[in-house]
1. Are any residues in the stretch 58-85 more than 30 Å from Pro42 (Cβ to Cβ) and among the charged types (D, E, K, R), and if so, which ones?
2. Condition (residue is over 17 Å from Val116 (Cα atoms), assigned to a helix (DSSP H, G or I) and in contact (Cβ under 8 Å) with a residue 12 or more places away in the chain) applied to the stretch 11-20: is it met by at least one residue?
3. Quickly run through the stretch 20-45 and pick out the residues that are closer than 12 Å to Ala71 by Cα, of a type outside the set (Gly, Ala, Ser) and surrounded by fewer than 20 Cβ atoms within 10 Å (Cβ to Cβ).
4. Would you list the helices (runs of 4 or more DSSP H) that sit entirely within the stretch 52-134 and hold 1 or more residues that are in contact (Cβ under 8 Å) with a residue 60 or more places away in the chain and in contact with a helix residue (DSSP H, G or I) (Cβ under 8 Å, 6 or more places away or on another chain)?
5. Looking at (1) at pLDDT 85 or above; (2) of a type in the set (Val, Ile, Thr); (3) open to solvent by less than 90 Å² (accessible area, probe 1.4 Å), which one does Thr5 not meet, given that it meets all the others?
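The values are calculated or read from the model by the stated rules, or taken from the named source; none is laboratory data. Since this is a predicted model, take the numbers as computed values, not measurements. Quick reminder, even Gly has a Cβ in these numbers, built from the backbone with ideal geometry, and neighbours come from all protein chains shown. Just the protein is used for accessible areas: all its heavy atoms, side chains included, with ligands, DNA and RNA removed. Shrake-Rupley method; radii C 1.70, N 1.55, O 1.52, S 1.80 Å.
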Amino acid sequence: MPTTTPSTRPRPVAGTVALWALQVLLAVVFAVIAFPKAMGDPISVAPFELIGLGIPGMVVVGWLELAGAIALLVPRLCGLALLCQIPLMIGATALSAIVTPDLVAIPAVTLVLVCVAAWFRRHDTAALVRMVRR
């Protein structure tokens, strides 16, 4: 019987499946919201104009969101991707509270889900950081 330390203790199968399901859902959400921004859709410009980022800022944010969506599906990168999505979603929630307060629940709930998934991936993220430091 292999010994494990608390940080390498295997996750229950049901928990692993649930976490991957949440990550796939988040990847789909990020891809759907990122694609119009990354392609420069004029409808998405208004919030970015309001904060002074304009079209270039919108396109950069769109590509970052798209990269994050893809990284959520890569086992080695998913923890780091979740961690990087947190400040992005904090900004999206704050911006939504200013521009479209009626829709602030959408980025806020997404932020909570990203934080939950990042918490459960914290050991994976720490392992990635240790691997990169070697």
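1. Arg76
2. No, that holds for no residue.
3. The answer is Val24, Val28.
4. Correct list: 105-120, 122-133.
5. Against the list (1) at pLDDT 85 or above; (2) of a type in the set (Val, Ile, Thr); (3) open to solvent by less than 90 Å² (accessible area, probe 1.4 Å), Thr5 comes up short only on (1).
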